[in-house]
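Shown next, in structure tokens, is the structure this report addresses.
Just so it is clear, none of the values below were taken in a lab; they were calculated from the coordinates. Owing to the predicted nature of the structure, the values given are computational and were not obtained by experimental measurement. Methodologically, a virtual Cβ is constructed for each residue, glycine included, from the backbone with ideal geometry; neighbour enumeration extends over all protein chains shown.
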Amino acid sequence: MVRVIGLTGGIASGKSTVSNILRGLGAIIIDADEVARKIVGQDRPALAEIERSFGKEVIFEDGNLNRKKLGTIVFNDQSLLKKLNEITHPYIIKEIIDVINWYKKTSNNRVIILDAALLIEMDLIYLVEEVWLVSVPKEVQINRLIQRENISADDAKKRIDAQMSLDEKKQYAHIIIDNSKDVDYLKEQVEQNWSRLIE
Ligand SMILES: CC(C)(COP(=O)(O)OP(=O)(O)OC[C@H]1O[C@@H](n2cnc3c(N)ncnc32)[C@H](O)[C@@H]1O)[C@@H](O)C(=O)NCCC(=O)NCCS
Ligand SMILES: Nc1ncnc2c1ncn2[C@@H]1O[C@H](COP(=O)(O)OP(=O)(O)OP(=O)(O)O)[C@@H](O)[C@H]1O
């Protein structure tokens with residue numbers, strides 16, 4: 001049997017860090033950001049739709065998506081973010097379901113971690129048996145985001161505010177992982193939940 005766990009949390013809350021720990025413990029990771037990058041690859045229909053809606057200026061000369069430019073556009077305008085979601089989400093959801101089904105057919109006795117910032121917003125909860133939520137105080141989240149992306153505090157806040165709030169997400173969570181301290185503290189909680197899961 002293949003089991004599927006949803007891992008969610010705001011931008012830069014620490015989902016990838018948790019996924020890496022879980023991979024080391026034997027989990028299969030499906031990273032929704034990676035899927036989202038794949039479906040806008042060159043010659044993919046989603047990329048053509050983005051070009052039609054957002055114009056040539058979000059496409060590099062070599063045909064690849066200018067992610068930084070498109071990010072700046074959509075994270076400054078809710079209605080444009082909605083438009084981008086309407087184009088990309090159906091492709092992302094289809095690909096995630098296809099990958100889960102492939103693992104279900106080809107694997108046995110494994111746990112899949114579906115790492116998705118927008119797990120709740122994209123209505124993917126029905127695919128998972130538990131929702132694990134990575135929680136960080138907003139100030140810590142802003143600081144980690146600024147450091148990782150090298151962006152301004154203002155841009156970091158805009159990206160955070162484009163997502164469902166942590167309090168709202170908590171209503172859907174079975175497990176809350178506290179990532180306000182160091183990585184050892186994070187690891188301890190992840191290992192505990194993994195042991196409980198595979199017991
Ligand atoms: C806007 C884009 C081009 C910016 O690309 P960029 O390389 O700068 O960021 P990246 O894709 O690595 O995303 C980083 C983080 O931003 C946040 N984020 C991304 N898309 C969204 C969105 N539509 N709404 C809210 N937050 C988002 C997530 O926390 C994500 O982990 C890109 O994020 C995108 O195409 N987004 C739409 C697809 C999507 O919803 N992806 C998230 C799937 S969970
Ligand atoms: N406990 C921690 N202490 C210090 N830094 C941390 C901790 N956890 C994560 N980080 C750092 O914070 C940043 C965000 O973490 P990570 O990339 O895992 O978040 P994420 O939720 O996967 O982000 P995204 O939403 O963009 O996918 C990274 O630079 C990571 O190295």
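Worth a mention:
- Condition met for VAL4 (more than 16 Å from ligand 2 (Cβ to nearest atom), closer than 28 Å to ILE176 by Cβ, aliphatic (A, V, I, L, M) and touching a residue at least 12 places away in the same chain (Cβ under 8 Å)): yes
Condition check ((1) touching a residue at least 12 places away in the same chain (Cβ under 8 Å); (2) surrounded by fewer than 19 Cβ atoms within 10 Å (Cβ to Cβ); (3) within 16 Å of ligand 2 (Cβ to nearest atom); (4) not in a strand (DSSP E or B)) across all residues:
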position: LYS83; (1), (2), (3), (4): yes, yes, no, yes
position: ILE87; (1), (2), (3), (4): yes, no, no, yes
position: PRO90; (1), (2), (3), (4): no, yes, no, yes
position: LYS94; (1), (2), (3), (4): no, yes, no, yes
position: ILE97; (1), (2), (3), (4): yes, yes, no, yes
position: ASN101; (1), (2), (3), (4): no, yes, no, yes
position: ASN108; (1), (2), (3), (4): yes, yes, no, yes
position: ILE113; (1), (2), (3), (4): yes, no, yes, no
position: LEU119; (1), (2), (3), (4): yes, no, yes, yes
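- Scanning the range 71-78 finds one or more residues that are part of a helix (DSSP H, G or I), hydrophobic (A, V, I, L, M, F, W, C) and within 10 Å of ligand 1 (Cβ to nearest atom).
- Any hit, the range 61-72, residues being more than 16 Å from ligand 2 (Cβ to nearest atom), of a type in the set (A, V, I, L, M) and in contact with a strand residue (DSSP E or B) (Cβ under 7 Å, 6 or more places away or on another chain): yes
- Filter result for GLN42 (within 13 Å of ligand 1 (Cβ to nearest atom) and either loosely packed, with under 15 Cβ neighbours inside 10 Å or farther than 30 Å from ARG110 by Cα (or both)): no
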